[in-house]
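The values are calculated or read from the model by the stated rules, or taken from the named source; none is laboratory data. Worth saying up front: this structure is predicted, and the values here are computed from it rather than measured. Here the Cβ positions follow ideal geometry from the backbone for every residue, glycine too, while neighbour counts run over all protein chains shown. For accessibility, only protein heavy atoms count, side chains too; no ligands or nucleic acids. Shrake-Rupley method; radii C 1.70, N 1.55, O 1.52, S 1.80 Å.
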Amino acid sequence: MKDTKGWYQSKTIWGAIISIVATLISILTHKTISPETQQVIVNQIVNIATAVAAIAGGIMAIVGRLKADKIIK
């Protein structure tokens, strides 16, 4: 693998987290979350995390430029 991405963009990582949470919910409440619902949750989390990262990057770029003390040529 040559391309990189943030951990928060990994469906594998989020899938594992949701699987663990779903298992804990099942143990504690005796209710289950279907694999299909888990997949929907994973997709939504990845989309939200990616959007938040993009917004944070844009804000950091603007703040950095406003605080800069040198002119861009």
Residues of segment 1-16 being of a type in the set (A, V, I, L, M, F, W, C), under 17 Å from ALA53 (Cβ atoms) and open to solvent by 50 Å² or more (accessible area, probe 1.4 Å), in sequence order, are TRP7, ILE13
Among the residues of segment 22-34, the number that are surrounded by 12 or more Cβ atoms within 10 Å (Cβ to Cβ) and part of a helix (DSSP H, G or I) is 4
When VAL52 is run through (1) open to solvent by 70 Å² or more (accessible area, probe 1.4 Å); (2) hydrophobic (A, V, I, L, M, F, W, C); (3) over 14 Å from the mean Cα position of the chain (by Cα), the failure sits at (3)
With the first residue restricted to segment 5-21 and required to be part of a loop (DSSP other than H, G, I, E, B), and the second required to be open to solvent by less than 70 Å² (accessible area, probe 1.4 Å), Cβ contacts under 7 Å at 6 or more apart or on different chains are GLY6/ALA53
Quick check, is ILE41 surrounded by 13 or more Cβ atoms within 10 Å (Cβ to Cβ) and more than 9 Å from the chain's Cα centre (by Cα)? yes
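Please verify whether segment 65-72 includes one or more residues that are of a type outside the set (S, T, N, Q), modelled with pLDDT of 90 or more and open to solvent by 50 Å² or more (accessible area, probe 1.4 Å).
Filtering segment 65-72 for residues of a type outside the set (S, T, N, Q) gives 65-72.
With modelled with pLDDT of 90 or more added as a condition, the list becomes none.
No, segment 65-72 contains no residue that is of a type outside the set (S, T, N, Q), modelled with pLDDT of 90 or more and open to solvent by 50 Å² or more (accessible area, probe 1.4 Å).
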